[in-house]
Every structure is written in C-alpha cells, then in structure tokens.
Amino acid sequence: MILQFTKSEFDTVLGALRYYQRGGMGEPSNRPGWLQDIVCPTADATSLSGSDIDQFCERINTGDKEPELLAVLRKLAFEASAREEAACPCSLLDAKDRLARATREACETIAKVTKKVKAS
C-alpha cells in the first residue's frame with residue numbers, strides 16, 4: 001500500500017509517532033485499552049517497541065534514500081577519520097574524539113540531505 005501525504009499530514013503523523021514513543025507506548029502495559037485495541041487488533045498481532053518506532057520514523061524521514069544516506073554516513077566518517085589521522089598520530093582517547101567528530105559531521109550532512117529529500 002502506498003499513501004500520498006501532504007506536508008502537514010506527514011508532519012502530523014511523524015509527530016504523533018514520536019509523541020507515542022516518548023509516552024512509552026511501545027510498551028503494551030503503558031497503553032490504555034482503547035489504544036491497545038487499535039495497535040493490536042487481533043490476538044496474534046504484535047506492536048512496535050520504542051526502538052522499532054524510532055527505526056520506523058527514520059525510514060519515514062529518509063524514504064527510499066536510507067541506503068544512500070547510510071553510504072554517505074560511512075564515507076564521511078571514514079574521510080573525517082583519515083583527515084584527522086593524517087594531521088597527527090594520536091592516542092586511543094584522540095581516536096575516540098576523532099570518531100565523535102566524524103559522526104557529528106556525518107549526522108549534520110544527513111540532516112541536510114534529509115531536508116532536501118523531504119522538500120522534493
């Protein structure tokens with residue numbers, strides 16, 4: 001099933017999922033009965049956990065561009081790490097700092113790419 005959403009519908013659905021997640025609704029015991037009936041309408045139905053909701057929201061945000069974004073993330077992290085390593089030999093602590101910086105740079109790039117994907 002493929003659904004088309006307006007920007008405001010998309011933002012509302014994503015916001016509702018994040019609100020549901022933040023409220024701990026990924027745990028069945030945290031849901032009121034009426035919500036449990038919607039999320040698990042049959043005895044054999046299973047619902048998304050908090051981490052499943054997070055992954056689902058990321059898929060919604062990136063659409064079919066997720067593999068492309070992951071490739072960009074890996075490439076940027078590798079390049080940033082190589083730049084740092086070429087600049088100076090370092091200790092294990094420095095390596096952790098380099099990895100944190102590379103991850104931060106990659107996340108910033110992914111945020112920019114995601115905005116472009118959403119806009120298109």
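Summing Lys and Arg as +1 and Asp and Glu as -1 over all other residues whose Cβ lies under 14 Å from the Cβ of residue 25 gives a net charge of -1. Placing dummy labels 7 Å off each Cα toward the beta-carbon, the span from residue 18 to residue 49 is 2.3 nm. Per-residue Karplus couplings for the stretch 37-48, computed as 6.51 cos²θ - 1.76 cosθ + 1.60 with θ equal to phi - 60°, are listed in order as 5, 6, 6, 10, x, 10, 4, 9, 6, 10, 10, 7 Hz, Gly and Pro entered as x.
All of the numbers you see were taken from the coordinates with simple rules; none came from a lab. Predicted model, so just to flag it, every value in this text is computed and none were measured. Cβ atoms come from the backbone with ideal geometry, glycine included; neighbour counts cover every protein chain shown.
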